Amino acid sequence: MNHIKILWADDEIELLKPHILFLEGKGYEVTAVNNGKEAIQTCADSKFDLVFLDENMPGISGLEALLEIKKMQPSLPVIMITKSEEEDIMDQAIGQKIADYLIKPVNPNQIIMTIKKVLQANEIISQKTTSNYQMEFMRISTQINDSTDADSWRNIYNHLVYWEMELAETGSTLNEMLQMQKSEANNLFVRFIKKNYENWWKNTENRPMMSPDLFKNKVFPLLDQGKKVFFVLIDNLRLDHWKVMQKELASLYQFDSDDTFYSILPTATQYSRNAIFSGLMPSQIRKMYPHLWVDEEEDEGKNLNEEALIQTQLDRFRKKYAFSYHKINTNVAGEKLNENLKQLLHNPLNVVVFNFVDMLSHARTEVKLFRELAPDEAAYRSLVHSWFKHSSIAEFFRILAAQDVHIVLTTDHGSIRVKNPIKVIGDKNTNVNLRYKVGKNLAYDKKQVLALTQPEACLLPTPNLSSTYIFAECDDFIAYPNNYNYYVSYYKDTFQHGGISLEEMIIPLVSMHPKK
C-alpha cells in the first residue's frame, strides 16, 4: 500500500487538500492537478496506480480526459467524481470502463473504501477466502469421515467443488491442501461405492437417483404438466464445468433446481447415456432390445441407437409425446440447429446432445498443445468456459431464453485427471478404456480395483459367461505391461472416465426456465 501512486484531478483541488493529506497519512502518494489537460499530460509523463477524475472541469471535461487517459493506459483504473447524478453521464463514464464513481461531496471513508475495492479487492478477497476455507476445513473433514449415505456424499462433493473454484479464482496458497482433502474424500467415497453399489440394485428403493431415472423423475412430470421441454445432455460435463456455465446463463434463466445425481458404472458413454435414454440398465437393454445394444468387442458404434432408445422409454411409460433428437458434434452442426430451433417448438420434447466437452478431453490427451493450454484442473475449466461462451451452444441457450420452454440440462458422466498407473493383463478382446475393463481372462490386483465377477447382479451385460468388470479407483488408470513406460507417460495427467471417483459419478442435473 505504501507505494500506491494516485493522481487526483479536480478544478477545486485546493478544497480537497484535507482529503489528500488524509490519504498521504495512510501511506498513499498523491499527485494533484486542477484541470483535464494537465491530468492527461501528467499521465503521459508518469505512471500511476489509480486516478480520481472530476467529471465537471472547465476546458477539457472529465469524460474527455478519461478517453485520452484510457488511450494511453487502457488498464489504468479511473474513478469518476461528479456532482451530477444524471443517468446519461453515468452511462458514458461506465461505457468508457471507469473502475467506479463517487457523487460529491465525498468523505475520507468513501475514498478509502473505493481505493480498497479497486486496487486491493483481490488481495482482500483472497485473504478472506483463505481464512474461510481454513475454518471450513475441519468441518468438511468431519463430514468426509462420517459420511454413510449417497446424499451426504453429494453434499460433500458440492462443497469441495465450491472451495476448489473459490481458491483457484483467488490464487490462494491453500489449493494444495484442498487437493489433499479431495483425495482423501475420493478414497473414502470409493470405499462407500464398493460397500453399497451392488446392494443398490438388489434394493432399488434405497438407491439414489441414477442414470435410468432421469426421464421418469425429471422429464415426464414436466411433459405431463403441458410444458415444452428441451432435454440437453452435454457429454462428459463435470460439476465444476457446469458451475462456470451457470454464471453465463444466470442472467437469462431461472434455476428451478440445481442438483446432482449418480452415474451408473461404468461411467462411460456406452453405458450411462444409453441408460439415461432408455430408462433401463445395460443388461435390461440387451435383453429387451438386443438389436439396440452393442457389446464391447463389436466394432459398431456404441451410441448409434439413442433416438430409438428414447422411443422405447416413451412407449413403455405410455407417453405419446412427439419428440426430436439431435446430436451435435461440430460448431457448424450447432449453428444449423440454431437456425431451425424455433421450428422445433411444436414438439413437446426435444432432445439435444452436445459432444464438445468430450472432444476437448480427447484433444487434450492426443494433442500436446492442448495439454499446454490446460495443464491443470483450473486451466481445463477455463478452456471449457471459453468454449461455452464462444460456441454455438451459447447462442442455442440465448435463443431458447426468449421462448416458453423448460430445459433439463445434464450429462452422462464426468471425468478425472489420472495420475497413478496400475497393471492389468487381458486378452485381445478386452476393451481399451483406461478406467474400466471387461473381459473373461483379466489378471489384476484385487486391492487396486472394484471387481464385479457377477456383473448381472449390477445389471451389466456379460458378453461371455465368465466376463468380469473391473473399475479403476480415484486417480488410477489401467496400463498393460507391454510397452508400459510409453503408455504411462502418454496417458498420465489426462482426463479419463469409466471408473469410480466423485468427479465421474456425481454429476449435474439442472432444471431451468427463461426469466420473464
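The values are calculated or read from the model by the stated rules, or taken from the named source; none is laboratory data. The structure presented is a predicted model; accordingly, all values stated were derived computationally and were not measured. Neighbour counts run over all protein chains shown; Cβ positions are idealised from the backbone, glycine included. Just the protein is used for accessible areas: all its heavy atoms, side chains included, with ligands, DNA and RNA removed. Shrake-Rupley method; radii C 1.70, N 1.55, O 1.52, S 1.80 Å.
Brief remarks follow.
- 5 angstrom amide H check on THR31, placed H, neighbours 5+ away: ILE6, LEU7, TRP8
- Segment 315-387, accessible surface, carbon-and-sulfur percent (1.4 angstrom probe): 56 percent
- For segment 362-443, the C-alpha radius of gyration divided by 2.2 N^0.38 Å, with N the number of residues, is 1.59.
- Mean sequence separation of contacting Cα pairs (under 8 Å, at least six apart), scaled by the length of the chain, corresponds to a relative contact order of 16 percent.
- Computed over segment 281-435, the Cα gyration tensor eigenvalues convert (square root of 5λ each) into semi-axes of 30, 27, 12 Å, ordered from largest to smallest.
- Between the amide H of LYS327 and those of VAL353, distances stay under 5 Å, these residues lying 5 or more places away or on another chain, with hydrogens modeled in the peptide plane.
- Using alpha-carbon coordinates, inclination of helix 108-119 to the longest axis of the chain, degrees: 40 degrees
- For LYS182, the lysines whose Cα falls under 26 Å of its own Cα, not counting residues fewer than eight places away in the same chain, are LYS128, LYS194, LYS195, LYS243, LYS247, LYS419, LYS423, LYS437, LYS446, LYS447, LYS492.
- Around SER278: net Lys/Arg minus Asp/Glu count, Cβ-Cβ under 10 Å: +1
- Degrees between helix 356-366 axis and first principal axis of the chain (Cα, 0 to 90, nearest 10): 80 degrees
- Descending Cα extents along the principal axes, the chain, whole Å: 92, 53, 41
- When the convex hull of its Cα atoms is projected in every direction, mean area for segment 146-240 (nm²): 8.5 nm²
- Hz values of 3J(HN,Hα) by residue in segment 432-437 - Karplus curve (6.51, -1.76, 1.60), Gly and Pro given as x: 9, 4, 7, 10, 8, 10
- Whole-Hz ³J(HN,Hα) from phi, Karplus 6.51 cos²θ - 1.76 cosθ + 1.60, for segment 384-401, glycine and proline x: 4, 4, 4, 4, 4, 5, 10, 9, 5, 5, 5, 5, 3, 6, 5, 5, 5, 5
- Long-range tail of P(r) for segment 423-463 (Cα pairs > 10 Å, %): 74 percent
- Helix-only mean residue ellipticity at 222 nm for the chain, each DSSP H run of n ≥ 4 adding -39500 (n - 2.57), per residue, nearest 500: -13500 deg cm²/dmol
- Theoretical FRET efficiency, 1/(1+(r/R0)^6), r = Cβ-Cβ of GLU198 and ARG318, R0 35 Å, to 0.05: 0.65
- Take the Cα radius of gyration of segment 236-365 and divide it by 2.2 N^0.38 Å, N being the number of residues; the result is 1.17.
- Hits among lysines - C-alpha to C-alpha of LYS287 under 18 Å, sequence gap 8 or more where chains match: LYS302
- Scanning residues 5 or more positions from ASN420 or on other chains, those with amide H under 5 Å from its amide H are ASP476, PHE477, with H placed 1.01 Å from N in the peptide plane.
- Rg over Rh, two decimals, segment 25-78 (C-alpha only, Kirkwood Rh): 0.95
- Listed values for segment 491-508 are Karplus-derived 3J(HN,Hα) couplings in whole Hz (6.51 cos²θ - 1.76 cosθ + 1.60, θ = phi - 60°), namely 9, 4, 6, 9, 8, 10, 8, x, x, 10, 6, 4, 5, 7, 9, 9, 10, x, and x replaces Gly and Pro.
- Listed by chain and number, the lysines placed with their C-alpha closer than 29 angstrom to that of LYS37 are LYS5, LYS17, LYS26, LYS47, LYS70, LYS71, LYS83, LYS97, LYS104, LYS116, LYS117; residues fewer than eight positions away on the same chain are left out.
- Rounded to the nearest 10 degrees, the angle from helix 121-146 to the longest Cα principal axis of the chain is 30 degrees.
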